[in-house]
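What follows is one structure encoded as structure tokens, with my remarks underneath.
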Amino acid sequence: MPARNPKSKTAKAAAPVKKAPTANPLFPSTPKNLRIGGDIRPKNRDLSRFVRWPRNVRLQRQKKILLQRLKVPPAIQQFSTTLDKNQAAELFKLLVKYQPETKEAKAERLEQAAAAAAKGENATSGPPPAVLKYGLKHVTTLIEQKKATMVVIAHDVDPIELVVWLPALCRKMDVPFCIVKGKARLGTLVHKKNCAVVALTANNSEDNIKCAQLKTNFMEQFNNTVVRRWGGGNMGLKTVAKLEKRRKAIEAEAAKIAAGRR
């Protein structure tokens, strides 16, 4: 019998054992995703249709489409007619002068009054300054009492039923009002996050001419102009194309029947 080769046995025994690779928790493996919107994106292509938008964004877009599709009654349609950019800029430039005091300013004023009273000084503050009035119930009371000289309503109050009756009340009480874009923009005037309506009850003497001009414009543009037309009812592109195709088919069929009768 041939002699065995001792080298082969040692070679097999010396073969290294492969260890399974251990993942580093500091650097996790992120394999490529080759689907649409993944790592490799197609050039010059709008991928917004494939994005899963947040719920609030989807609700906003669905509401906007519904307001275009459904028929909107005149009482709600009037809130789509707002002041233009230039008029709104002039109005807010005036209203920012009548911002109410902040909590810090009020606390400081009360502290100074308390310190003056402790010293025995007679602190006569005088009449209160003219500031903006806000809050739906407060402004409604001012309009009913005819103390409000100018009312500003936001166009995007939700639910709209909160202010849908306010233009009619202003017209009845002969109070100038206007509708502006943005409840958040009104909120910044009164140091709040949002504000549905603000009112002005008095103004400084240097703003008499500007206030009179704005009131005249508001009376002509809003008080004396009542919106009586319905809004909405705008169909989408697919529906418009389908109705147009149906109309053409009906006309062709009618023309064929008329030709057959001849």
Among the residues of the stretch 118-148, what is the count of those that are over 17 Å from Asn223 (Cβ atoms) and either of a type in the set (Gly, Ala, Ser) or within 22 Å of the chain's Cα centre (by Cα) (or both)? 9
Kindly indicate whether Phe218 is free of Cβ contacts under 8 Å to residues at least 60 places away in the same chain and open to solvent by less than 60 Å² (accessible area, probe 1.4 Å). no
For the stretch 82-92, the count of residues that are out of contact with any helix residue (DSSP H, G or I) (no Cβ under 8 Å at 6 or more places or on another chain) and open to solvent by less than 70 Å² (accessible area, probe 1.4 Å) equals 2
Test Val190 against the stated conditions and say whether it is open to solvent by less than 40 Å² (accessible area, probe 1.4 Å) and either under 15 Å from Gln78 (Cα atoms) or at pLDDT 95 or above (or both). no
Qualifying position, being in contact with a Phe, Trp or Tyr (Cβ under 9 Å, 6 or more places away or on another chain), on the phi < 0 side of the Ramachandran plot, open to solvent by less than 100 Å² (accessible area, probe 1.4 Å) and at pLDDT 90 or above, among Val198, Val240: Val198
In the stretch 1-85, which helices (runs of 4 or more DSSP H) lie fully inside it and hold 1 or more residues that are modelled with pLDDT of 80 or more and touching a Gly at 6+ places or on another chain (Cβ under 7 Å)? 55-69, 74-77
Only residues in the stretch 33-62 that are among the aromatic types (Phe, Trp, Tyr) count as the first member; pair them with residues that are assigned to a loop (DSSP other than H, G, I, E, B), Cβ under 7 angstrom, at least 6 apart or cross-chain, and list the lot. Phe50/Ile36; Phe50/Gly37
Helices (runs of 4 or more DSSP H) within the stretch 149-240 that include 1 or more residues farther than 25 Å from Pro100 by Cα and within 25 Å of the chain's Cα centre (by Cα): 166-173
Restricting the search to the stretch 153-188, which residues are among the basic types (Lys, Arg) and in contact with an Asp or Glu (Cβ under 9 Å, 6 or more places away or on another chain)? Lys181, Lys183
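The values are calculated or read from the model by the stated rules, or taken from the named source; none is laboratory data. Predicted, not measured: the structure shown is a model, and the values here were computed from it. Ideal geometry is used to build each Cβ from the backbone, glycine not excepted, and the neighbour counts take in all protein chains shown. When the accessible area is computed, the model is the full protein with side chains, heavy atoms only, and any ligands, DNA or RNA have been set aside. Shrake-Rupley method; radii C 1.70, N 1.55, O 1.52, S 1.80 Å.
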